[in-house]
Amino acid sequence: MSDIVPTPPSSLPVDPWLVQFGDVSVSRHWVGSPAGNHPVAGTTFTVTDLSRVESQTPTWAVVAAIVGFFFVFLFSLFFLLVKENRVTGQLNVTVQNGTYFHVTQVPVVGPGAIADLHARVNYARQLTAAA
């Protein structure tokens, strides 16, 4: 088996990229990355979730508790019970086909971004299954 990676001939029309995540793009026949184009047939996509949820008291609640302390002592302390959740971290997507191996890191900006990336990777898996 040869280590030469096939690339699309320049005389044929190039497949449009159908889905992209991080620096990886996928078409019907090719997976594009900084390392070049590789066939989509036989490619596996793996997602590793490295995100976390952080809970903290927002700044406005601390300011309201301090300002309210001078007016209504006990009521102002309830502002310190307010918590705000933030999703941070990253998702790693591993693309592998034979000797080709690439990992892209996608930052998480919210819970919707996690679901979106999983949907994109599942679509890439469907393209792989159809190839």
Could you sort 109-117, 123-131, 53-61, 91-99 so that the peptide with the highest average Cβ count within 10 Å comes first and the rest follow in order?
-> 91-99, 123-131, 109-117, 53-61
Gain in span if fully extended, His118 to Val19, counting 0.36 nm per residue against the direct Cα distance | 34.5 nm
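FYI, it's all coordinate maths here, none of it is from the lab. Every value quoted in this text rests on a predicted model; they were computed, and no experiment measured them. So basically every Cβ, Gly included, is an ideal-geometry build from the backbone, and we count neighbours across all protein chains shown.
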